[in-house]
Amino acid sequence: MPKTYAIEGSQNIASPSDSVLGITASTVIKPGITFLTVGLDAAASPVDVSYTLTVQRFTAAGTSTSVTPRVLDPGNTAAVATAGENHTVEPTYTASTELLVASFNSRNTYQWYAYPGFEMFCTAAASNGLGVFLTHATDTSLHTSTIHFVE
């Protein structure tokens, strides 16, 4: 049975496109996202703004604040994958590797669940991973995201 983990992070979406959360593989594992949620942080004032959420592969994780993956099953060992939030330097996204693109209003929370066998997997290579980023036209609100993944 695969090992299961959770990560969460936040990002003030201050430019037209900012990464909220990223997960980075290694040469020995390729984590797969099974659940994703993103929404306006509870401390932010709700506004009517449309966002486009994208999950895309990257080949360099950029610069971010480290997030420690938490085990969902207390019997699991620590995750091999690493994660980051609050990016100050964006990951190097690979063109034409969008795995999920969805639009939502900032007054809503967006959730995605993988149908078994359709998880979004990272490439098993150093510095490669998946990033969750939001694109918008005018807003600067703080957004949070949670990812559940398997190794």
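The values are calculated or read from the model by the stated rules, or taken from the named source; none is laboratory data. As the structure is a computational prediction, the values presented were derived from the model and not from experiment. Reconstructed Cβ throughout: ideal geometry from the backbone, glycine too, with neighbour counts over all protein chains shown. SASA here: full protein model, heavy atoms, side chains in, ligands and nucleic acids out. Shrake-Rupley method; radii C 1.70, N 1.55, O 1.52, S 1.80 Å.
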> How long is the gain from Val47 to Ala95 if the chain were fully straight, where each residue apart is worth 0.36 nm and the alpha carbon distance is subtracted?
Replying inline: 14.2 nm
> For Gly39, what charge total do you get from the other residues with a beta carbon under 12 Å from its beta carbon, if Lys and Arg give +1 and Asp and Glu give -1?
Replying inline: -1
> Shape call for region 101-147 from the C-alpha gyration tensor, a ≥ b ≥ c root eigenvalues: rounded (a/c under 1.5), prolate (a/b greater than b/c) or oblate?
Replying inline: oblate
>> Between Met1 and Arg107, what is 0.36 nm times their sequence separation minus the Cα-Cα distance? Round to one decimal in nm.
In response: 34.5 nm
>> Under the rule a/c < 1.5 gives rounded, and otherwise a/b versus b/c splits prolate from oblate, where does region 1-51 land using the Cα gyration tensor?
In response: prolate
> With every protein chain left in place, what is the accessible area per residue of region 1-86 in square angstrom, probe 1.4 Å?
Replying inline: 45 Å²
>> Can you compute the charge dipole magnitude of region 1-127 about its Cα centre, using +1 on each Lys and Arg Cβ and -1 on each Asp and Glu Cβ, nothing else charged? Give it in debye, rounded to the nearest 20.
In response: 280 debye
> Ser64: net charge of surrounding residues, Cβ under 14 Å, Lys/Arg +1, Asp/Glu -1, itself excluded?
Replying inline: -4
>> Which of the three applies to region 27-100, rounded, prolate or oblate, going by the alpha-carbon gyration tensor with a ≥ b ≥ c and a/c under 1.5 meaning rounded?
In response: oblate
> Taking amide H positions as placed 1.01 Å from N in the peptide plane, with prolines and chain starts having none, which residues 5 or more places from Gly62, or on another chain, fall under 5 Å of its amide H?
Replying inline: Thr92
> Can you list the residues of region 113-151 with backbone N under 20 Å from a point 7 Å past the Cα of Ser17, pointing along Cα to Cβ?
Replying inline: 121-123, 128-145
> All other residues with a Cβ under 14 Å from the Cβ of Ala125 taken together, and with Lys, Arg as +1 and Asp, Glu as -1, what is their net charge?
Replying inline: +2
